[in-house]
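Before any comments, here is the structure.
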Amino acid sequence: MNFEFSEEQQMLRDSLSRFLRDKYDFEERQKIIASDDGWSREKWNQFAEMGLMAAAFPEDYDGFGGTSVDLMVIMEEFGKGLVVEPYLPTVVLSGGLLLETGGDKAKELIPAIASGELVMGFGFAEPHSRFDLFHVDTKAAKQRTDYILSGRKAVVFAAPIADKLIVSARTSGSNRDTDGISLFLLDTNTDGVRIDGYPTIDGLRAGDVYLDNVKIPAVNMIGEEGKALPTIEKIIDKAIVALSAEAMGVCRKMCELTSEYCRAREQFGQPISKFQVLQHTMVDMFIHTEEMTSMAFMAAMKTDANGHDKAAASSAKVQLGKSCKFVGESAIQLHGGMGITEEMAVGHYFMHSTMMESLFGNSDYHLKRYQTATGLRE
Amino acid sequence: MDLAFSAKDETFRREVIDFLDENWPAEYRGRKRDFTRENYIDWHKKLHAKGWAAPAWPAEYGGTDWTPTQKYIFGQEMANAETFPSLAFNTSMVGPVIYTFGSAAQKQRFLPQTLACDIWWCQGYSEPGSGSDLASLRTKAVREGDHYIVNGSKTWTTLAQHADWIFCLVRTDPDVKKQQGISFLLIDMKTPGVTVRPIITLGGDHEVNEVFLEDVKVPVENRIGEENQGWTYAKFLLLHERSNIAGVHQSRRYLKRLKDVAADQELSGSGPKLMDDPDFSRKVSEIEIDLTALEFTELRALSNEEAGKGPGAESSILKIRGTELQQRISHLAVEVAGYYAMPFQRNQGHNEYPAGPEHSVHAAARYFNGRKTSIYGGTNEIQRNIIAKAILGL
């Protein structure tokens, strides 16, 4: 058993942390999200130069890493810096699906992701699916050497800025069958694809993707027809593990901002950090952050050890829900009225941490899933 | 970073399991309470004979050179076998103080007997007027030649009724800041003037006592370290005490037992299994996930320790969350017992049939007794003060 980061991981963390401190402060981030596209191609290229994209893939694909612990190092720093560039949808989700399904498409596209050239999104949710990955109403009908896709994918991260998307669609069965789901790769400018893009409340870009008789060549189906659900679950779980690391960074930062603020703010003739009732809240925020950290480590290490560990991912997501809610709400409360103004950074961390609670399924959903995965319930 | 146990670790685990199979007495198995003084000493001596009474001590004083991973495995297997540990007053509390701050003569005189449990120690810290504000303690020791004359009283003294010696915080200078006038004395319980009065707690347990000290003559050579420096040693001890306080493995073991009971159709008869109640299984899964977070927090702390950083204020997190979980699990046991948590079966003989199923017999008493965990060793509120000051710098 060993909890130490490797020398390479340590170096990656140091250089990323330095870069974000110097070039990606809160003002810079606010400028980026207010821009037309809502992300910075320049920063994205710099991330690629630092090797952040390559760090997510094994050497066979021009990468130099690919473990969940590698991703953890990056995602924690992204959390601290509240980075909005589409790393999770492009690298973790789409890159992960390509890596998992393999074949020519993986060989072609992963190096383009690793070099920073390609931006992608993954449409897995639908207007009526809530958090069930198997609930797929979107249809894909085989027509000679093509598939014809019709349906709507909901809140697809990076969709308005992506070059390509991967979507889940049903090639057989009825809308809540676990069998019969397939994955398709498509260019965002394909005929019949309409993306209604919007910023999310926490500063990211997403969109609903409407598919109206979209013709996709059969070679763009990745993985086996009708058997995509286990692949999707595995990659979403990997993304949950990465998100847990991001959450530990976000929680850590909210703790820091809050104790800084309370030390500076004076009421009743003294800094409010001297009041025991506030100190204990800050200690509980700290404990929740340590627990988030422990669960992010746990989930990354177990995923690396077991390939796919549903209970580990779901339990980390339950912790994420608890830690983000407690730390976020307390951070705002301790900032008082200032906490709910747009000018203070803390509120932006809070909005992002709150949205992370429901991304990929909320705590209730994952508590039930944990029970099934561990055999507590059928 | 990886979670795998090495082949060497697995060999070690086998050795621990084999040792426990052979040495943990058959008649103790399945028993949760009411171990006698002889039981405690007997088991401590078996661990000592193997060299495992105090794994955390430096090897030169009779500890082990185990890695944190080995300590983790040892703790896990001890819990799986449902043993109790070696005597904590000796191995986690006074022992480390003696080998860290004691003189050569004190080490020679006390350490071997402490390690072997030829002395049973108890802890003289709290007083009727000094609980969380421990440094306000008033038991005074006045120097007369080669002796101190000690007067005062200590309380919450766990298992003092079994103890041979008590390590005591006493006031040797009343005229300075309260933390600066305290000394650390070792007192033989047989000295004239030492009396012990039982305190019976909820559920009828006799674990804690008051200890009265009336003109007790203590040789100066029984003082650890410098006069008036006792507070430093006292805090050091508390840090060590807390580092073992999470009880992750014991909690997992107890929860596992409750899960087995709740999932047992035979115990449910013609009714539905308790585990099929979604509200119940939700509680179980929440506790399990929180235990995982605690376990990995402890593992991270162990890893820090391996990297050369001793137990720090982080141990306060383990104390807070560890004891909260112990209490949640002991309450879950009361829920599992249902009506049969109610019969009071404190003094039941070993040959009598209990009212209700075996798992329910001590559930409520254990829950009531377990309220102590968030109070002792520095209340959980005091732990928060420690984190606020030592880690957050507030």
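The values are calculated or read from the model by the stated rules, or taken from the named source; none is laboratory data. This structure is a prediction, so every number in the text was calculated from the model and none was measured. Glycine gets a Cβ as well: all are built from the backbone with ideal geometry, and neighbour counts include every protein chain shown. For accessibility, only protein heavy atoms count, side chains too; no ligands or nucleic acids. Shrake-Rupley method; radii C 1.70, N 1.55, O 1.52, S 1.80 Å.
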*Quickly run through the range B:202-222 and pick out the residues that are outside any loop (DSSP other than H, G, I, E, B) and open to solvent by 50 Å² or more (accessible area, probe 1.4 Å).*
B:HIS206, B:GLU207, B:PHE212, B:GLU214, B:ASP215, B:LYS217, B:GLU221
_Here are the criteria: (1) in a helix (DSSP H, G or I); (2) among the hydroxyl-bearing types (Ser, Thr, Tyr); (3) away from chain A (no Cβ under 12 Å). Tell me which single one B:SER303 does not satisfy._
(3)
*Assuming A:SER273 fulfils every condition listed in (1) more than 27 Å from A:PHE26 (Cα to Cα); (2) within 9 Å of another protein chain (Cβ to nearest Cβ); (3) of a type in the set (S, T, N, Q) apart from one, which condition is it?*
(1)
*With A:THR90, A:THR101 as the choices, which residue is polar (S, T, N, Q), at pLDDT 95 or above and open to solvent by less than 20 Å² (accessible area, probe 1.4 Å)?*
A:THR90
*Would you confirm whether any residue within the range A:81-93 is closer than 30 Å to B:GLU305 by Cα and outside the structural domain of A:THR200 (by TED's automatic domain parsing)?*
yes
_Residue selected from the range A:119-132 under the condition on the phi < 0 side of the Ramachandran plot and surrounded by fewer than 19 Cβ atoms within 10 Å (Cβ to Cβ), by the criterion farthest from the chain's Cα centre (by Cα)_ = A:HIS128
*For A:ASP284, are the conditions met, namely being outside any loop (DSSP other than H, G, I, E, B), of a type in the set (D, E, K, R) and more than 25 Å from A:GLY347 (Cβ to Cβ)?*
no
_Residue among B:LEU115, B:LEU137 that alone is more than 15 Å from B:ILE224 (Cβ to Cβ), modelled with pLDDT of 95 or more and out of contact with any helix residue (DSSP H, G or I) (no Cβ under 7 Å at 6 or more places or on another chain)_ = B:LEU137
*For the range B:73-81, indicate whether the set of residues that are assigned to a helix (DSSP H, G or I), in contact (Cβ under 8 Å) with a residue 40 or more places away in the chain, open to solvent by 30 Å² or more (accessible area, probe 1.4 Å) and not small (Gly, Ala, Ser) is non-empty.*
yes
*asked:* Out of the residues in the range A:339-378 meeting the condition of being surrounded by fewer than 16 Cβ atoms within 10 Å (Cβ to Cβ) and small (Gly, Ala, Ser), tell me which one is farthest from the other protein chains (Cβ to nearest Cβ).
replied: A:SER358
*Any hit, the range B:59-69, residues being charged (D, E, K, R), open to solvent by 30 Å² or more (accessible area, probe 1.4 Å), outside the structural domain of B:ALA363 (by TED's automatic domain parsing) and in a loop (DSSP other than H, G, I, E, B)*: yes
*Give the number of residues within the range A:133-142 that are of a type in the set (Ser, Thr, Tyr) and either part of a strand (DSSP E or B) or open to solvent by 30 Å² or more (accessible area, probe 1.4 Å) (or both).*
0
*Of the numbered conditions (1) open to solvent by 50 Å² or more (accessible area, probe 1.4 Å); (2) in contact with a Gly (Cβ under 7 Å, 6 or more places away or on another chain); (3) in contact (Cβ under 8 Å) with a residue 40 or more places away in the chain; (4) more than 29 Å from A:ALA141 (Cβ to Cβ), A:TYR198 fails exactly one; give the number of that condition.*
(3)
*Yes or no: A:SER294 farther than 22 Å from A:LEU133 by Cβ, among the polar types (S, T, N, Q), surrounded by fewer than 24 Cβ atoms within 10 Å (Cβ to Cβ) and touching a helix residue (DSSP H, G or I) at 6+ places or on another chain (Cβ under 6 Å)?*
no
_Among (1) over 24 Å from B:THR373 (Cβ atoms); (2) surrounded by fewer than 18 Cβ atoms within 10 Å (Cβ to Cβ); (3) within 14 Å of another protein chain (Cβ to nearest Cβ) - the single one B:GLU324 does not satisfy_ = (1)
*Mind checking whether some residue in the range A:326-338 is polar (S, T, N, Q), more than 21 Å from the chain's Cα centre (by Cα), open to solvent by 10 Å² or more (accessible area, probe 1.4 Å) and more than 14 Å from every other protein chain (Cβ to nearest Cβ)?*
yes
_Quick check on A:SER315: is it of a type outside the set (A, V, I, L, M, F, W, C), within 11 Å of chain B (Cβ to nearest Cβ) and either closer than 23 Å to B:ILE391 by Cα or not in a helix (DSSP H, G or I) (or both)?_
no
_Can you tell me which condition B:GLU227 does not meet? The list is (1) at pLDDT below 95; (2) surrounded by fewer than 21 Cβ atoms within 10 Å (Cβ to Cβ); (3) among the acidic types (Asp, Glu), and all the others hold._
(1)
_Just the residues that are open to solvent by 40 Å² or more (accessible area, probe 1.4 Å) and in a loop (DSSP other than H, G, I, E, B), please, taken from the range B:174-195._
B:PRO174, B:ASP175, B:VAL176, B:LYS177, B:LYS190, B:PRO192
*A:LYS325 versus (1) touching a residue at least 24 places away in the same chain (Cβ under 8 Å); (2) under 22 Å from A:PHE3 (Cα atoms): which is the lone unmet condition?*
(2)
*Can A:MET282 be described as within 12 Å of another protein chain (Cβ to nearest Cβ) and under 18 Å from the mean Cα position of the chain (by Cα)?*
no
*Among the residues of the range A:156-174, which ones are under 26 Å from the mean Cα position of the chain (by Cα) and either of a type in the set (Lys, Arg) or surrounded by fewer than 17 Cβ atoms within 10 Å (Cβ to Cβ) (or both)?*
A:ASP163, A:LYS164, A:ARG170
*Give the number of residues within the range A:44-68 that are in contact with an Asp or Glu (Cβ under 6 Å, 6 or more places away or on another chain) and open to solvent by less than 10 Å² (accessible area, probe 1.4 Å).*
3
*asked:* Any residue that is over 30 Å from B:THR292 (Cβ atoms) and without any contact (Cβ under 8 Å) to a residue 12 or more places away in the chain - is there at least one of those in the range B:157-173?
replied: no
*Consider A:SER323 against the criteria (1) open to solvent by 50 Å² or more (accessible area, probe 1.4 Å); (2) closer than 30 Å to A:THR231 by Cβ: it satisfies all of them except one. Which criterion is unmet?*
(1)
*Would you mind finding the one in A:PRO160, A:PRO86 that is out of contact with any Lys or Arg (no Cβ under 7 Å at 6 or more places or on another chain) and touching a residue at least 24 places away in the same chain (Cβ under 8 Å)?*
A:PRO86
*Going through the range A:248-276 one residue at a time, which ones are out of contact with any helix residue (DSSP H, G or I) (no Cβ under 8 Å at 6 or more places or on another chain) and among the charged types (D, E, K, R)?*
A:GLU256, A:GLU260, A:LYS274
